[in-house]
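These notes are about the structure you will find just below.
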Amino acid sequence: MTLRQQGIDEALLQEAIGSVGEEEELEFARNAFAHYRINYDDVRWKDKALAYLIRRGFSLSTARKIVPEGPADPLFDLS
């Protein structure tokens, strides 16, 4: 969307987006997610994390692969 607003040609835009592979996109999404501060006390933390990645241009399917199902740091260690 930003590239379109800046007047980048649609053919060039599709070529640039198509050149990024799935593994590369996942790596970029992991890096972006690493900078996101998660408040696990908020019941909507997962939705907020997904929205954060989507606002940064990642697809919903990519965001779902990155956002964990549960907190990364469990409150209790039951081992």
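Residues of the range 27-45 with an amide N closer than 20 Å to a point placed 7 Å from the Cα of Arg56 along the Cα-to-Cβ direction: 27-42, 44-45. Rolling a 1.4 Å probe over the protein chains gives Ile54 an accessible area of about 80 Å². Our estimate of slack between His35 and Leu13, defined as 0.36 nm per intervening residue step minus the Cα-Cα distance, is 5.2 nm. Averaging 1/r over every pair of different alpha carbons in the range 1-68 and inverting the result gives a Kirkwood radius of 13.2 Å.
Sequence-ordered 3J(HN,Hα) estimates for the range 51-65 from the Karplus curve with 6.51, -1.76 and 1.60 and θ = phi - 60° stand at 4, 4, 5, 5, 4, 8, x, 8, 6, 4, 5, 5, 4, 5, 6 Hz, glycine and proline given as x.
The values are calculated or read from the model by the stated rules, or taken from the named source; none is laboratory data. Remember, it's a predicted structure, so these values are computed and weren't measured experimentally. Note: ideal-geometry Cβ built from the backbone for every residue, glycine included; neighbour counts use all protein chains shown. Ligands, DNA and RNA are stripped out before the accessible areas are found, and what is left, the full protein with its side chains, is counted by its heavy atoms. Shrake-Rupley method; radii C 1.70, N 1.55, O 1.52, S 1.80 Å.
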